[in-house]
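Take a look at the structure below.
Just so it is clear, none of the values below were taken in a lab; they were calculated from the coordinates. Here the structure is a predicted model, which is why all the values come from computation and not from measurement. Every residue, glycine as well, gets a Cβ built from its backbone with ideal geometry; the counts of neighbours run over all protein chains shown.
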Amino acid sequence: MSAPIRIGLVGARGHVGTELIKLVAAHPRFELGFVSSRERVGQRLADHEPSVTGELRYVNLDAAQAAGQGADALVLALPNAMAAPFVAEVDAQAPDTVVVDLSADYRFDDAWHYGLPEVTRASAAGARRISNPGCYATAMQLAVAPMRGTLAGAVQCFGVSGYSGAGTSASDKNDPDKLRDNLMPYALTGHIHEREVTRRLGHPVEFMPHVAPHFRGITLTANLHLAQAFDLEEVRERYRRHYASEPLVRVSDEAPWVSRIAHRHDAEVGGFTLSADGHRLVVVCTIDNLLKGAATQALQNLNLAFGLPETMGIPT
C-alpha cells in the first residue's frame, strides 16, 4: 500500500473548508496533516466534522509554521489577498510542496496553473502551484466553452448564487432575513469573475451576479451571440460531444434546476434555446458553489497533481 499523502488546510472553518475536510477525510490516498483555524484552535476536529475520526485538533499556524509542517500539499481556503505570505514561505522552505489556492490571488498569474480540469487538464501534469477557479467563473466557462470560436460580440452572463457564496463573515449578502423574498444584485460591472473568464476564454464576458435566499448552488444563464447560424440539434450535439468524456459535467436538453445540484459534485449544462435566426444561443449551467465551484474542484486538482485518477475520492 502506498504511503498516505498528507494535506494541510489553512482556512478550515469556512463553508469550503468544511467540504474539503469531508472529501480529504474520505479519500483513499489523502490524509489530513493539519487543519488551521484561528477561531477553533485547540478544539477536536471530530467534534465539528462527524466524517472525521480520531484526536486531530484545530491549530492556528502562521505562514512559516504552515510551510514547515512537512505536508505534501497545502490548500489555502482564505479570503482574497491573504495567500501571499503562505506561498512565500512554501517557496522558501518546501518548494516541492503542492499549493492549491482557492482565492483569486493567483488566477491572473501565468506562473500558476489555472485548475479548471475540463478546460486546462492538458497542462496540469507536474503543476505545483495551482489556482482554483472561482465558482461563478467555473459555471461561466462550462456554459460557454463548447461554443468558443463561434462567438460574435460579448457574452452576457446572469448569475444567481446561494448565500453561502458570501462566506461566513456577516454581511447583507449572507443575512437570511435581508434575503428573504429577495434577490440582491451586486458588483454588476467589473466583477473579478468577469475579468477572470474574459481572460481565460480570450473573449469579452459581461457578468451580472446576484445572491438569493437559498444556501448553496449557482444558476448561471449565458447569452451567446454567434457568428454563424446554428440549429438546435447541432448545438445540443456540440455540447454532448464536448463533454462526452467528462465525468463531472452532465448535458441535458432541459434547463437544469439549482435545487437539484445541491450537494452534488458535478455541473449540469442545458436549456439550450436559439433565436429564430440561429445567431443567439442561451445556455444554463448549475453547480454547487461549495463543491464543483470550490472543494470538489480542489480535489480534482490535487488528484491530478499527484498522478492519481482525477475523480478519486469524489462520489459520482
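Its relative contact order, with pairs defined as Cα atoms under 8 Å and 6+ residues apart, puts the stretch 162-225 at 43 percent.
Dipole magnitude for the stretch 134-287: about 340 debye, using +1 per Lys or Arg Cβ and -1 per Asp or Glu Cβ, origin at the Cα centre. Electrostatic bookkeeping for Arg195 treats Lys and Arg as +1 and Asp and Glu as -1; over the other residues with beta carbon under 13 Å from its beta carbon, the sum is 0.
Each Cα pair under 8 Å and six or more residues apart adds its separation to the average, and for the stretch 135-289 the resulting relative contact order is 29 percent. Rounded to whole numbers, the Karplus 3J(HN,Hα) couplings from phi for the stretch 17-25 are x, 4, 5, 5, 4, 4, 5, 5, 4 Hz, using 6.51 cos²θ - 1.76 cosθ + 1.60 with θ = phi - 60°, and x at Gly and Pro.
Among Leu299, Pro309, Val283, which residue has its Cα positioned farthest towards the positive end of the charge dipole of the stretch 212-316, with +1 placed on the Cβ of Lys and Arg, -1 on the Cβ of Asp and Glu, and the dipole taken about the Cα centre? The listed residue farthest towards the positive side: Leu299. Residue by residue, the stretch 125-138 carries 3J(HN,Hα) couplings of 4, x, 5, 10, 10, 10, 9, 6, x, x, 5, 4, 5, 4 Hz when phi is fed to the Karplus relation 6.51 cos²θ - 1.76 cosθ + 1.60 (θ = phi - 60°); x denotes Gly or Pro.
Taking the Cα centre as origin and putting +1 on Lys and Arg beta-carbons and -1 on Asp and Glu beta-carbons, what dipole magnitude results for the stretch 234-316, to the nearest 20 debye?
That gives a dipole near 40 debye.
Basic side chains Lys and Arg get +1 at the Cβ, acidic Asp and Glu get -1 at the Cβ, and with that the dipole of the chain about its Cα centre reaches some 180 debye.
Tell me which residues come under 5 Å, amide H to amide H, from Leu74 once H is placed; ignore anything under 5 positions away on its chain. Residues meeting the amide H criterion: Gly8, Val98, Val99, Val100. Each 10 Å bin, from zero up to the one with the longest distance, holds this percent of the alpha carbon pairs of the chain: 6, 27, 34, 23, 8, 2, 0.
Excluding Leu151 itself, what net charge comes from residues whose Cβ is under 14 Å from its Cβ, given Lys and Arg +1 and Asp and Glu -1? Net of charged neighbours comes to +3. A crude spin-label estimate for the pair Arg240 and Arg44, with each label 7 Å from Cα along the Cβ direction, gives 5.3 nm. Stokes-Einstein, applied to the Kirkwood radius of the stretch 135-289 over Cα pairs at a viscosity of 1.567 mPa s and 4 °C, places its translational diffusion at 82 µm² s⁻¹.
Add +1 for every Lys or Arg and -1 for every Asp or Glu among the other residues with Cβ under 15 Å from the Cβ of Pro315, and state the total. With Lys, Arg at +1 and Asp, Glu at -1, the neighbours total 0. Note on the stretch 278-295 and the stretch 43-89: Cα centroid distance 30 Å, given to the nearest whole angstrom. The antiparallel fraction among DSSP beta bridges confined to the stretch 189-316 stands at about 75%. The phi torsions of the stretch 265-273, fed into the Karplus equation with coefficients 6.51, -1.76 and 1.60 and a -60° offset, translate into couplings of 9, 9, 10, 10, 10, x, x, 4, 9 Hz, rounded to whole numbers, with Gly and Pro shown as x.
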